[in-house]
Amino acid sequence: MNTLAIEATQRDPLSVSCDLLVVDWVQGAKRPLGAALILDKALDGALTQLIESRAFQGKLGERLVFPTFGKLKARHIAVIGVGKKESVDADALRRLGGFVVRTAREHKASSIVIAPSSVMSDKLDARTATQALVEGTRLSAYHFHAFKGLQHKKEDPTHQLKRLQVIASDGRMLKAMQEGIERGQILAEATILARDLVNTPSSDMTPQQLADQAMKLAVKGSGITCKVLDQKTMERLGMRAALAVARGSMHPPVGVHLIYRPKQSKKSIAVVGKAVTFDSGGLSIKPADGMMTMKIDMAGAAAVVGLFKALAVLKPNVTVHGIFLAVENMPSGSAYRPGDIVAAMDGTTIEVLNTDAEGRVTLADALTYATQQKPDLIVDLATLTGACVSALGEDIAGLFSNNEGLSQRLLTASVETGESLWRLPLHKPYIPQIRSKIADIKNIGTGGSGGGAITAALFLHTFVNDIPWAHLDIAGPSYAERETRPDQPYGASGYGVRLLMRFVQALGK
Ligand code: BES
Ligand code: ZN
Ligand code: ZN
C-alpha cells in the first residue's frame, strides 16, 4: 500500500522540519551550490569543511550524513553524490532516489526533504528529473509484504517512509516538479502492480486470478475494455497450442484481451505477454532448483497489466491491445507429452519435443490472435529462455525484431527508463534447427549448440507474418535474487512497464 505522500514546495529548505534533508552534489564541484550553499552558510561553513576533510568527491551514490544537533530544523543532513555533471541523466536521478531511501532507512527517517541544488540543467529539465527521482524513491521503498504474518509484525518495528518533499526554487520549477511527481507516481504505481502480481505465489495467482487482475482495470472513464476468453472460447477460436500446455493443470486456461482505445488514435499496437502462472516444466520436469522461482513466468503478462494501469491515466493517442493466454504448466496424466504434435490456431503444426519450452507454444496462439487485431505493430514480452540469461545476464533483456525502426524506438525508450535492453539477431541460418521432420516446426532447436534465445525468437517469428514485431526476452531482468541497483530490491522488478509506456507515448506524438 502506498502511504508515502510526495509533494513539491517552494519553501526555504532551512524552514522545513524533517528527519532528513538531502542535497545532491555533482562530482568534482569545488564549492557548494544552490541549496547546499544555503545550508553551508547556516552551518558556518561546516559543510565545506566536512567535504574537504572526508575527501568527499560526489561519485554517484557516495554519501555524507551528519546530525544537525538542533542547529537546523532538519534532524540529519545527507549530501549525496550524483556523479559527473555530463553523466547526470534520468537514470542517475532514479538511482539517487534509491540512495535517498537507503539513507532514510539507515537513519530511521520518515520525513524527507530533497533540495536539489545542481542536478537540473538544460539537459535534464526539472520535470524529467523529478519524475525520475520519484520513480527511484517509490520503487526502492517497495516491499512485498502481503504474506508477512503475525511474527513479522511482532518482531519488526520497521520504520515507514511517510512524507517526501522536493524543494523548488521558483514558481516555474514548482509547476514542472508537480508534473514530474505526478507522472513518476503513476509509473511507479503501475510498475508496483506488475511487481505484486509477479511476487504473488502461483497458488494465489492462477490463470483466473491473473485474468481477474486485468479485468479490474476496465472501469468507467479508463478508456479500457477487457474481453475474457474462457476455455470454451479458446477452444472455439482454435487455440489448440495454448490449450495443450494448460492440459496438465487443474486450473483451466484463461485468455485476456484488454483494449485501450482513445478518441483520437494515431497508431495501434498489440502488446502480448507470456502468462505461465507456474512453470514446472511439465513432463519434461525441471530440477528443483530451476523450479524455485517459476512463479515469475507470467512477468510478461504482468507488464501488460501494469502498462494498462498507466494507460488509463496517461491516456496517449495510441490504440493498445493487451493480450495474454494464462496457463499453468504442470505434469499429470492429462498433460501434453514430449513427441505430441499440436496444431496451433493459424494451422501451423508444432512437434513438442520438450514440454518445458511451453512459453513459445502458448505465445504461438497469442501472437496469431494479436495479428488478427490488425495492429500496426506487435511487441511481446516473455520470460522465455534461460539461454537469454546466459547471454546477457540478469540485468538485460534481449530484443529480437524484424523491423529496424521499431528496434531503435524500443532501445531509445529503454535508455530513457533505465530498463536495459540489448538487440540480438534473428539469425535466419538457424531456422533449420527448429524444422521438424514430421510437423511444420519443433518447439526446441536441435542440431546446433547454443543460441537457444535465438531459436526461440525464430519460432515466435513464424506466427507474426510480416507485421513489424519485437520480442523482448525478459527472463533475466524480471526478477532479482538480490538487490541489483538501489531501485530494484529483492524480488520482481516490474521490468517493461515503464519502457512500454515510454514507447507508446513516443508513438502517439
Ligand atoms: N520459463 C522458462 C525460462 C526461464 C528460465 C525464465 C529462467 C526465467 C528464468 C522457459 O519456459 C523454459 O523452461 N525454457 C527452457 C527452454 C528449453 C527447454 C529449450 C530453458 O530455457 O531451459
Ligand atoms: Zn519452461
Ligand atoms: Zn516458462
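Couple of notes before you dig in:
- Unmet criterion (only one of (1) more than 16 Å from ligand 3 (Cβ to nearest atom); (2) in a strand (DSSP E or B)) for LEU381: (1)
- The one condition in (1) farther than 18 Å from LEU399 by Cα; (2) more than 16 Å from ligand 2 (Cβ to nearest atom) that LEU472 fails to fulfil: (1)
- Some residue of segment 257-273 being in contact with a helix residue (DSSP H, G or I) (Cβ under 7 Å, 6 or more places away or on another chain), within 13 Å of ligand 3 (Cβ to nearest atom) and either under 16 Å from VAL497 (Cβ atoms) or part of a loop (DSSP other than H, G, I, E, B) (or both): yes
- Residue pairs meeting the criteria (Cβ under 8 Å; at least 6 apart or on separate chains; first acidic (Asp, Glu), in segment 279-306; second in a helix (DSSP H, G or I)): ASP279/MET291; ASP279/MET294; ASP279/ASP297; ASP279/GLU358; ASP279/GLY359; ASP297/GLY359
- Remark: ARG75 matches the filter, which requires a residue to be surrounded by 18 or more Cβ atoms within 10 Å (Cβ to Cβ), basic (Lys, Arg) and outside any helix (DSSP H, G or I).
- Considering residues of segment 268-327 that are buried (at least 24 other Cβ atoms within 10 Å of the Cβ) and among the charged types (D, E, K, R) only, the residue farthest from ligand 2 (Cβ to nearest atom): LYS309
Okay, residues lined up against (1) touching a Leu at 6+ places or on another chain (Cβ under 7 Å); (2) within 15 Å of ligand 2 (Cβ to nearest atom):
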residue: MET330; (1), (2): no, yes
residue: ILE350; (1), (2): no, yes
residue: VAL361; (1), (2): no, yes
residue: THR371; (1), (2): no, no
residue: ALA382; (1), (2): yes, yes
residue: ASP395; (1), (2): no, no
residue: GLU419; (1), (2): yes, no
residue: ILE431; (1), (2): yes, no
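- Selection status of GLU52, more than 30 Å from ALA194 (Cβ to Cβ) and either under 36 Å from the mean Cα position of the chain (by Cα) or in contact (Cβ under 8 Å) with a residue 12 or more places away in the chain (or both): no
- Filtered residues of segment 214-256 (kept if in a loop (DSSP other than H, G, I, E, B) and within 14 Å of GLU328 (Cβ to Cβ)): ARG247, GLY248, SER249, MET250, HIS251, PRO252, PRO253
- Looking across segment 326-378 at every residue that is among the hydrophobic types (A, V, I, L, M, F, W, C), within 16 Å of ligand 3 (Cβ to nearest atom) and over 25 Å from the mean Cα position of the chain (by Cα), the one that is farthest from ARG236 (Cα to Cα) is identified as LEU353.
- Residue within segment 428-447 that is at negative phi, within 25 Å of the chain's Cα centre (by Cα) and either in a helix (DSSP H, G or I) or away from ligand 3 (no atom under 16 Å from the Cβ) (or both) present: no
Any read-out appearing in this document is the output of simple, stated calculations on the displayed coordinates, not a laboratory observation. Remember, predicted model here, so these are calculated numbers, not experimental data. Methodologically, a virtual Cβ is constructed for each residue, glycine included, from the backbone with ideal geometry; neighbour enumeration extends over all protein chains shown.
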